[in-house]
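Everything below concerns the one structure shown next.
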Amino acid sequence: MGSAVLSGLALALALVLALALALALPSVALENGLALTPPMGWLAWERFRCNVDCRADPRNCISETLFFEMADRLAEDGWRELGYQYINIDDCWSAKQRDVAGRLIPDPERFPRGIKALADYVHARGLKLGIYGDLGTLTCGGYPGTTLDRVEQDAQTFAEWGVDMLKLDGCYSSGEEQAQGYPEMARALNATGRPIVYSCSWPAYQGGLPPKVNYTILANVCNLWRNYDDIQDSWDSVLSILDWFSANQDVLQPAAGPGHWNDPDMLIIGNFGLSNEQSRSQMALWTVMAAPLLMSTDLRTISPSAKEILQNRLMIQINQDPLGIQGRRIVKEKSHIEVFLRPLSQGASALVFFSRRTDMPFVYTTSLAKLHFPQDTVYEAQDVYSGKIMSGLKTGDSFSVVINPSGVVMWYLYPMALPAQSWHVVRQQALSKSFRPVLL
Ligand SMILES: *[C@@H]1O[C@H](CO)[C@@H](O)[C@H](O)[C@H]1NC(C)=O
Ligand SMILES: *[C@@H]1O[C@H](CO)[C@@H](O)[C@H](O)[C@H]1NC(C)=O
């Protein structure tokens, strides 16, 4: 009972703290109460693209079968329980023409049962359905777009179908149309009364940076947004995205928080372009960036090793940390080692030691003091991939990690419990005294 009371106290403190932090943040979230942690799920685009040839390739074409089968996998293979909840359609799902009433309709051959039936199927399995639209005359793949005069109608259509998330792309529209249309869609979605997570590609079409992109406005309009280029199935693509996000972290990092996230694009783990080390790196780096975890891979044939990376519980717990603070790159060594840090709730942090080297495993020696952690604290670190725990690490202690080429070592680091005290008591102390999110 005593420990229940203490745990209640700790929870109350955590809530007060989260509130204080939320109020201190410069941007206010879009007020639909959604995406309080980065959305997790599956998105068709990177792996399945605009393959509409169901005669030649029935198993992989964009059709209801693909989404029914992926929904089964999400529900049956342990994904849903871990938080992978959204199953999202991307481009090329619709017919080439609207119907006589001007409504978007799915391609009748590839989606014969319609989107509503797909939504019902997905909901019956405890999942949520996402769909794709494009603010412009056409989608990027050449299907009917949502011009300004169609915004309300399309929002209504998606809501009637039971859609839970909308990715609104920005091909074939001007900057002025986007500045008008993206906020209009936010209002139109709200007016439907259905909670719909709103993902905007708007900043990606405007270079992703101020003065063209105003992140305060964006956080009021969208739950997540694509800042930069589409990911491709290659390590070069992962690196180019990481480079851009790191180079611009002073602008991007403060824009993220509960309800409003930067989106460096899908996870390509399980596909063809990444080695096992590189797959572990994408997962760790996306997690430390508080990125949405939207897998784009074939869950019917995914390898056990890729699945293990994507289903790492501690990794997901870190990604979904309730404070929702995006991490930053804090060290860039001449040796091509980089260190990333994400502050977490309860005084914990995630550390990613990342090697851009191409020779051999590298022994990197540093200390928490060098990484600007507060003095006189004793930490415990858990290796997120091996599960190994290192106890009694003092701020000034020198330590080494061995990082494989294009790989990571990732730590979950927290102030250590003293042997005589219960965990709850120490957690409270961590909250009230030494809790300092380190924003460098
Ligand atoms: C619409 O916006 C209001 C706040 O402006 C919010 O309270 C409400 O939950 C929103 N509704 C939906 C369905 O997003
Ligand atoms: C962004 O928009 C907000 C709200 O309109 C405004 O107060 C702020 O000055 C703008 N920021 C920049 C950098 O232009």
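No lab work stands behind these numbers, since they all come straight from the coordinates. Note that the structure is predicted; figures quoted are calculated from it, not measured. Quick reminder, even Gly has a Cβ in these numbers, built from the backbone with ideal geometry, and neighbours come from all protein chains shown.
Considering only DSSP beta bridges where both residues belong to the chain, give the percentage that are antiparallel (nearest 5).
Once the DSSP bridges in the chain are tallied, antiparallel ones form about 60 percent.
Report, in debye and to the nearest 20, how large the dipole of segment 10-319 comes out about its Cα centre when Lys and Arg carry +1 and Asp and Glu carry -1 on their Cβ. Could you put the intermediate results ahead of the total?
Values: 24 positive and 37 negative charges, 113 e Å.
With only Lys, Arg, Asp and Glu charged at Cβ, the dipole is about 540 debye.
Of 332/388; 332/394; 307/388; 128/332; 128/307; 96/116, which sit over 29 Å apart, Cα to Cα?
128/332
Note the angle between two axes, namely the Cα long axis of helix 64-76 and the longest principal axis of the Cα atoms of the chain, as a number of degrees from 0 to 90, rounded to the nearest 10.
30 degrees
If eta is 1.306 mPa s and T is 10 °C, what Stokes-Einstein diffusion coefficient results for segment 46-113, Kirkwood Rh from Cα pairs, in µm²/s?
Estimated diffusion coefficient is 120 µm²/s.
Tell me which residues come under 5 Å, amide H to amide H, from residue 166 once H is placed; ignore anything under 5 positions away on its chain.
131, 197, 198, 199
Pick from 78, 273, 162 the residue whose mean-square fluctuation is largest in a GNM of the chain, springs joining Cα atoms under 10 Å.
Between 78, 273, 162, it is 78 that shows the largest mean-square fluctuation.
Please give the FRET efficiency for residue 229 paired with residue 156, using the beta carbon to beta carbon distance and R0 = 45 Å, rounded to the nearest 0.05.
After rounding to 0.05, the efficiency reads 0.90.
Using only the Cα atoms, work out Rg/Rh for segment 328-430, with Rh taken as the Kirkwood radius, to two decimals.
0.99
Once the dipole of segment 95-224 is set up with Lys and Arg at +1 and Asp and Glu at -1 on Cβ about the Cα centre, which of 204, 172, 132 lies farthest towards its positive end?
132
Calculate I(q)/I(0) for segment 10-319 by the Debye formula, one identical point scatterer on each C-alpha and no solvent, and give its log10 at q = 0.10, 0.14 Å⁻¹ to two decimals.
At q = 0.10, 0.14 Å⁻¹ the computed log10 ratios are -0.53, -1.09.
Out of 276, 192, 147, whose Cα points farthest toward the positive end of the dipole of the chain (charges: +1 Lys, Arg; -1 Asp, Glu; placed on Cβ)?
The Cα lying farthest towards the positive end belongs to 276.
How far is helix 235-247 tilted, in degrees, relative to the longest principal axis of the Cα atoms in the chain, given as a value from 0 to 90 rounded to the nearest 10?
On a 0 to 90 degree scale, this one is about 70.
Given the -39500 (n - 2.57) contribution per DSSP H run of 4+ residues, what per-residue ellipticity at 222 nm results for the chain, rounded to the nearest 500 deg cm²/dmol?
Only helices count here, giving -10000 deg cm²/dmol.
Would you kindly derive the ³J(HN,Hα) couplings of segment 137-151 from the backbone phi angles with the Karplus curve 6.51 cos²θ - 1.76 cosθ + 1.60 (θ = phi - 60°), listing them in order in whole Hz, with x for Gly and Pro?
6, 9, 6, 4, x, x, 9, x, x, 9, 6, 4, 6, 9, 4
Evaluate the relative contact order of segment 328-430 (contact order divided by residue number), counting alpha-carbon pairs under 8 angstrom at least 6 apart; express in whole percent. Mind showing how you got there, number by number?
Values: 208 pairs, mean separation 30.0, N = 103.
It rounds to 29 percent for segment 328-430.
Relative to the longest principal Cα axis of the chain, at what angle does helix 276-288 sit, 0 to 90 degrees, rounded to 10?
90 degrees
Percent of Cα-Cα pairs more than 23 Å apart in segment 224-319, please.
21 percent
Taking a ≥ b ≥ c as the square roots of the Cα gyration tensor eigenvalues, with a/c under 1.5 meaning rounded and otherwise prolate when a/b beats b/c, else oblate, which class fits segment 57-182?
prolate
Restricting to Cα pairs below 8 Å that are 6+ residues apart, what does the relative contact order work out to for segment 104-232? Please round to a whole percent.
Relative contact order comes out at 21 percent.
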